[in-house]
Structures are given as structure tokens and as C-alpha cells.
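The next block holds one structure in the form of C-alpha cells; read it before the comments.
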Amino acid sequence: MLYSFDIFETTLLRDTLTPSGVFYRVYLALAERLPDFAQITPDDFLAARINAERVARESSTSEEITIAAIWKELADMLDLQYESWMAEVEMECESLALFPVADTVRRIDRARKEFGRVLFISDTYFPATFLRKILEAHSLIQGEDKLYASSEYGKTKKSGSLFELVLDAEKILPSGLIHFGDNLHSDIRIPNSLGIQTSCCFAPILSRIAVATLNGIPVSNQKLQDLIGYGRKFQQECGSESRPSAINRLVGDFIGPTCLTMAAWALKRAQARGIKRLYFAARDGRLLWIAARSIAHHYGDIDCRYLYTSRKALLLPAVLETNRSGLSWLRRSYESTNICDTLSKLGMEYGQLQHLLAPLNLHPLTPLDSEQRWTALFSILANREAREMILNNAKSLRLEVIRYFEEAGIFDGVKFGLVDVGWYMTCQSAMRQILESVGNFNLDVGLYLGLAVERLPPSRAGSSEALFNTPAADIRNTFSPFHLESNRAGLLEHIVGLAEHPSTIGYASGKPVFAASRISQDFLNTIHAIHAAVEDYCLGANLKTLGDDWSTGNCRQLLFPLISGFFTNPDPEILKLIQPLEISVNQEGVGNQPLFKPLRIRDLIRYFKRGNSFLAKSDWPEADLVVTTPLLRKTFEFSKTASSALKSMLRPDNQPSP
């Protein structure tokens, strides 16, 4: 008994996602070697390469063609003088793109242990010597193993003649061979018709996130296809490690490409601005920092550092005036607060100002829910007595911030940039104010994933660049992957900003001071595993094949489908993995909310009453549905479908004419 294995899409996969993806890399390689090749567009080259193979097959008298025959036709189509090294460029690109399928490797090892050797049978235009070299490089072909390539014999699996040749050469009956392959015709039906046993060995399917991502991109987005293809390779190569497969999927399909894209964009923007150092703001910038330091050597070795900071740690130290403008950060449109909580942000207790607040009917739990109450509070804070207390608190805290900044190298005299997820630039503004108060003007720019329309102006925060900007209220922007009002942004910053430490609440003796930790040891282990996976992903990424175009526009086209695909098609195992994460309502960690939660029967009743407006209040309704019990989930899904159909029927344009 012998086992035989197909090669492409069974034993070996391409990290380009599609076979034609290799042709784009061939184009780039040829453009480097041929001065006039840049006149040919990538799309023209891909079309010519596909057509050259078709013409070569049509004109061939053999069942199979060779790579040389294809390139002779291709050179003619591109008005080039054919040389053998051109075909070798494609083989080199193909070789670099291929990686083994873990499950098939295990099958090969078991078959070899049981029967001593295995066969490899492939329909291919590549030379057998080339295939053998690749298989040897991955330790897939050994000792007495044999390789049968259609290009060498002019016979194919597709016709059955190559299988017949193998049976004759090996001197075995059809019943003595079991063939593994992915092609239903060439690897299953044809050998079955010859009496050969077969087993369908499909290539690893893409995850639901990857499929959703691909559904949201144009066909021409080759870089994103390559990122998804690399994600599949990453998951295959990490499959035998101790990390849970859900972590490898989370990183391979979403966190890895998202962080790599933003990190490459930030490094390229830093290069363009002549910046030699980037600080990644805690905690949202934790994974971005890991990604950036892993690839910084491709971008002039920009110094990437992690900065322990937060709004709570910087806003009060940055206060230089206690008027409404100087304390505007106390009032946030998305935050409900009261007198006591607001005073705590200033390092004060109600009792210190009770004699000023009580006469105005402002008590500890009085909600600040009107313009009148805010005006009254700001007038008290501008009072000489209150002003002196606030400024003294701010000054003492500012000295601690400056001491930490000195330890972090911010006073080294190097121009630097600040990298963060977003959204209002309050940290950048506070940091700039603190630094400029002592004559440090080295903060050059803030680099963000996204910025809100309500962000602070350049006069306060300084220069900034962002990959996305939320649209103004009167603009319908369907391209933005998040809208702050739907809290997609809040979800994103918590998932991409998986830090192993709590929020920074201040500084002492040049070191950060953290809030009490709410992270369990089990989830801390998960976070560390995700950090290691992100580093592995970025170190393994081939930035040369991904190209050097990390412009703002191109990165937007990469990130939009990645973010949309992740949130609209959540993976149940990934949801289970990140379930301990919470959405922070404030810096104090009070009133935190889960990222998602299962829907209950009462939610179904509310949905019947309010429709989609009820689901819109959820931060992540798609995830809520996934973690809901199956029966209730089906009821919700049926209700949504029925509701949509009913609304469609009741539209005026769908009503029958009288």
C-alpha cells in the first residue's frame, strides 16, 4: 500500500491567498530588473500572464505545458525579448510564497511511518526539480519518496494518464494506492474511475472574519488579500504551538493586520516628517507599540517607546488656569457626572468647597445635567480660594509628570511623535501644555487611527494626522469603519489596546502609578499570549512582498474591511476569549460595561416594541446575538427578517396601484 499526495492547495499553500497573487510579486520583481518595465501596469501584466498560459495550452500538443512555454508567450505579449531568467523570477516568487499545510504534514508523517515512503503527484507547469527543491526545503520529501510532475512526463492527473504512469512505474495495482488531494475532478473522480482510493483533502478554509473581510474589498486590493493570505500562513505555522487556536485566529485575521498596518503607516509618516522617536500612549497603544518595534528596522530604526499615560494622569497637571476654558475637559458630552465626581477629577473633596457650593444648591450628588449648573460650578472654581487649591494640586502633580517624562527620555532634545488610537486629542493637548510650560517644544505631531469632529483644535493640541476622521453631523460618510456615537471606536480601542497593566492614574518618583488591577490571572495569561502572537505575526510578515505603499489612502482601504469584517461577523471562540474585557465609562473604572452580553427574553419584548432602535443602543449587537442562546437567537433573527419584509411591503412605492 502506498499513499500519494497532491502538492498545491493540499500539501503546500500560498501566502498570497490566490495563485494569481504571486503574479503581482513577479511584476514587482521584474520592475526592479527591467528599466522600461514600469511602463506596464500591474493589471496589464496580470492579464497578460493569465492569457499567456491559456495560449500556451491551446498551442501545445502535449497534455501539459512548461513554465518556459508560458514565458515565451508572455514575453511576446509584453514586447520583451525572452530570457530564461524571467521564468526563474516567477519560480523564485512562487517558492517564497509557499508554506506547508500542517494537517497534510501530519498525514504524510503517519503514512511514511506506516509504509516507509510516500508519493507526490502534481499537475503543474513547474519543473519537477523545482518542486523537489521546495519539498526538501520544508522536509516534506525524504529518502525513497518519489515525485511525479505532469510537466516532466507530459501526462496529467486531469486525464488520468499520470495516475496510470504512476501505477506502472511503482508496479502496483490501483487498489494499492490511496491518493489525497483537493481537486474534486483531478484528485477524486478520475483516480476513483481507475480504481484508486481517494480522500478529499481541502486546504484550510478561511475563517468567518476573513471571509467577511474579503466580501468588503474590491478585487484589486492585492495588499489586503496578501495580508489575509499571510494570516492563514501564520495560523498554520502556529497551529502546533501551545497558544489556543482562537488567539492565532484573532491575531492572524484581525489584530495582526490591523496593528501592522497602523504601525507601518505611523513609521512612514514619522520618516516623512524627520521624526526619530515615537511614543505609543498607554494603554490603547500597547499592541501598536509591539507591532512598530518589530518592524522599525525597515524604516530607519525609528526609536519606538511605550509611554505610561492617560487622561487622568495628565489633565489636572496640565491646568494653568481655572476658568471655563482651562477646565473645559471636566465637561464631556458622552459622560454623565455629578458634583462630587467632578471635584474628584481636580483632586478635591466636596467638603473643601461646601461653603461655596451649598448656597447654590449644589450638593455632592447633584447631577451636572444643565447649562445653569455647569455655569454655577465654573464660577465657583474660578473663585480665588478654589483657584489656589486647584493650581497647587496641579503644580505638585505637574512636577511628578515632568520627572517621569525625564525618565522616559522626552527631555533628550529629540523631536518626537505621539501615537494613539484616538479620538479627541485630550492627552496630546495636556502633554503639550505641560511640556511647553517648561520650554520643551519637541512634540511634533500626534498620529491616530481616528479623530472625532469634536477633537481639540491645533491651537491647543498641536499638529495631528489620522487615518480616519468621523464625519460631520450633516455628512453621510459610508466609508468610515466606526462612528463614535455607535461606540465602535470604544470597542476598537479596547480590543486593539490589550494592555497587561491597569490605567495610569499618576506618577511618583519618576515612575507610573496604576489603578487597582481588575485583571484576573487567567486573562492576564491570555493577554501575554496575544502580545507574543502579535510580535510573531509582525516579525514574520514579509514587508517587501507587501510593498512600501503605506500611504493614508491605502491604509484606509486596508483597515476599513478588516474592522468591518471583524465586528459584523464575530467568531464565537474569539468572543469567549475576550469576554473579560470591559468598556471603560471613565478613568476611575466605575460603571464599566461588558463588550457584549447575551440577549434575554425581555430584550426580545423590547425589540418588538422599539425595533432596530433597541438594537442600536447595544455597543456590539452582532456579538450579543452570537452569545445568545440558540433558540432566542433564531427568534431574534426571524423577527428582524420579518420586520424588514413587512416594512418593505408597506413602503408607498411597493403598494399596488388602485
### Query
Given labels modelled 7 Å from the Cα in the Cβ direction, how far is it in nm from THR129 to LYS312?
6.8 nm
## Note on the structure
Within the range 395-426, the residues whose backbone N lies under 20 Å from a label point placed 7 Å from the Cα of ILE519 along the Cα-to-Cβ direction are 419-422
### Query
In the range 401-430, which residues have a backbone nitrogen under 18 Å from the label point lying 7 Å from LYS276's Cα in the Cα-to-Cβ direction?
406-418
### Query
In terms of solvent-accessible area of protein heavy atoms at a 1.4 angstrom probe, what is the ranking of GLU406, GLU321, highest value first?
GLU406, GLU321
### Summary
Cβ-Cβ cut-off under 11 Å around GLY446, Lys and Arg +1, Asp and Glu -1: the net charge is 0
### Message
Please compute, for the alpha-carbon atoms of the range 1-112, the extent along each of the three principal axes and give them in descending order in Å.
### Response
51, 33, 21
### Query
Once every DSSP H run of n ≥ 4 in the chain is given -39500 (n - 2.57) and the sum is divided by its residues, what mean residue ellipticity at 222 nm do you get, rounded to the nearest 500 deg cm²/dmol?
-15000 deg cm²/dmol
### Distance between modelled label sites at ASP43 and SER84, nm, 7 Å Cα→Cβ extension
3.7 nm
### Query
What does the convex hull of the alpha-carbon atoms of the range 285-333 project to on average, in nm²?
5.3 nm²
### Segment LEU184-ALA137, extension gain: residue separation times 0.36 nm, minus the distance between their alpha carbons
14.1 nm
### Task
Round to the nearest 10 and give me the degree value, 0 to 90, for the angle of helix 286-295's Cα axis relative to the longest principal axis of the chain.
50 degrees
### Task
Using packing as a proxy for protection, rank 532-539, 224-231, 270-277, 629-636 so that the peptide with the highest average count of other Cβ atoms within 10 Å comes first.
224-231, 532-539, 270-277, 629-636
### Label of the coordinate-derived value, Cα Rg over 2.2 N^0.38 Å, listed as (1) 1.18; (2) 1.33; (3) 0.99
(1)
#### Entry: Unit charges on C-beta of K, R, D, E only; dipole of the chain, Debye
2360 debye
### Query
Listed highest first by mean packing, meaning other Cβ atoms within 10 Å per residue, what order do 442-455, 252-265, 564-577 come in?
252-265, 442-455, 564-577
### Task
Would you mind checking the tilt of helix 161-170 against the longest principal axis of the Cα atoms of the chain, expressed as 0 to 90 degrees and rounded to 10?
70 degrees
## Note on the structure
Rounded to the nearest 0.05, FRET efficiency between LEU631 and ASN592 (Cβ-Cβ, R0 45 Å) equals 0.90
### Query
Taking a point 7 angstrom from the Cα of LYS544 along the C-beta vector, which residues in the range 17-32 have backbone N less than 15 Å away?
25-32
### Task
Taking 7 Å along the Cα-to-C-beta vector as the label spot, tell me the ASN392-ASN554 distance in nanometres, rounded to one decimal.
5.7 nm
### Task
Run the numbers on the chain and let me know its relative contact order in percent, using alpha-carbon pairs under 8 Å that are six or more apart.
13 percent
## Note on the structure
Between GLN372 and ARG324, Cβ-based FRET efficiency (R0 22 Å, step 0.05) works out to 0.95
### Query
What FRET efficiency do you get for ASP36 and PHE411 if R0 is 51 Å and r is their Cβ-Cβ distance, rounded to the nearest 0.05?
0.45
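The values are calculated or read from the model by the stated rules, or taken from the named source; none is laboratory data. From a predicted model like this one, the values you see are computed outputs, not experimental measurements. Neighbour counts run over all protein chains shown; Cβ positions are idealised from the backbone, glycine included. For the accessible areas, the whole protein counts, side chains as well, though only heavy atoms, and no ligand, DNA or RNA atoms are used. Shrake-Rupley method; radii C 1.70, N 1.55, O 1.52, S 1.80 Å.
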